[in-house]
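Written below as structure tokens is the structure these notes are about.
The values are calculated or read from the model by the stated rules, or taken from the named source; none is laboratory data. If you're wondering where the values come from, they're calculated on a predicted model, not measured in any experiment. Neighbour counts run over all protein chains shown; Cβ positions are idealised from the backbone, glycine included. When the accessible area is computed, the model is the full protein with side chains, heavy atoms only, and any ligands, DNA or RNA have been set aside. Shrake-Rupley method; radii C 1.70, N 1.55, O 1.52, S 1.80 Å.
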Amino acid sequence: MILSDDLSERERTLLELTATPAATLLGAVSMILRTTLFSEDPAAWVDMWQARPDLARIEWMDGPELADVVAYLAAKDYEGTIEGVPGLRITSYDDHNAKMHWLGTTTPVTLHLTRQQS
């Protein structure tokens, strides 16, 4: 157990690899998915990971339709109230894959979403 009040050099290095803009986006996305869509129509499985600091991926099987997930996640302004993930924009999507772009940090992040069918 580390007991000092400062980060060690190894901790700083690990944080640079894991505390990335992609990881921040995945945290914001998972809060919305967990409390809204996936609670109503559970997926058989869900996997989220950061492929690079500027690229995140989410895949799931069954559960909510891709169009519903994209609609929930994309930033929306309803009479001054922001819903969805602030700064998340739709780039493209079809029945099984979507690509979104997050402008929430100085390093833009691409989010790929894939819904697998059983």
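Filter region 11-24 for residues that are more than 12 Å from the chain's Cα centre (by Cα) and hydrophobic (A, V, I, L, M, F, W, C); which is most open to solvent (accessible area, probe 1.4 Å)? This residue is Leu17.
Name the strands (runs of 3 or more DSSP E) wholly within region 37-109 that hold at least 1 residues that are aliphatic (A, V, I, L, M)? Break it down into steps so the answer makes sense when it comes.
On the way: elements: 43-52, 55-62, 76-78, 81-83, 88-93, 97-102.
Because the criterion is at least 1 residues that are aliphatic (A, V, I, L, M), the strands (runs of 3 or more DSSP E) in region 37-109 that meet it are 43-52, 55-62, 81-83, 88-93, 97-102.
Does Val29 qualify as being among the aliphatic types (A, V, I, L, M) and within 24 Å of Leu15 (Cβ to Cβ)? It is true that Val29 is among the aliphatic types (A, V, I, L, M) and within 24 Å of Leu15 (Cβ to Cβ).
Restricted to region 25-75, and to residues that are of a type in the set (Ser, Thr, Tyr) and open to solvent by less than 50 Å² (accessible area, probe 1.4 Å), which residue is modelled with the highest pLDDT?
Here is the first cut: in region 25-75, the residues of a type in the set (Ser, Thr, Tyr) are 30, 35-36, 39, 72.
Now narrow it down to the ones that are open to solvent by less than 50 Å² (accessible area, probe 1.4 Å): 30, 36.
Values: Ser30: 90, Thr36: 68.
That would be Ser30.
Among the residues of this structure, Leu88 counts as one that is open to solvent by less than 20 Å² (accessible area, probe 1.4 Å) and either touching a helix residue (DSSP H, G or I) at 6+ places or on another chain (Cβ under 9 Å) or over 14 Å from Ala28 (Cβ atoms) (or both).
Only one of the numbered conditions (1) under 24 Å from Ala19 (Cα atoms); (2) under 14 Å from the mean Cα position of the chain (by Cα); (3) open to solvent by 50 Å² or more (accessible area, probe 1.4 Å) is not met by Thr107, and that is (2).
Would you check if there is a residue in region 39-58 being among the hydrophobic types (A, V, I, L, M, F, W, C), in contact (Cβ under 8 Å) with a residue 24 or more places away in the chain, more than 25 Å from Thr18 (Cα to Cα) and touching a Gly at 6+ places or on another chain (Cβ under 8 Å)? The answer is yes, given that some residue of region 39-58 is among the hydrophobic types (A, V, I, L, M, F, W, C), in contact (Cβ under 8 Å) with a residue 24 or more places away in the chain, more than 25 Å from Thr18 (Cα to Cα) and touching a Gly at 6+ places or on another chain (Cβ under 8 Å).
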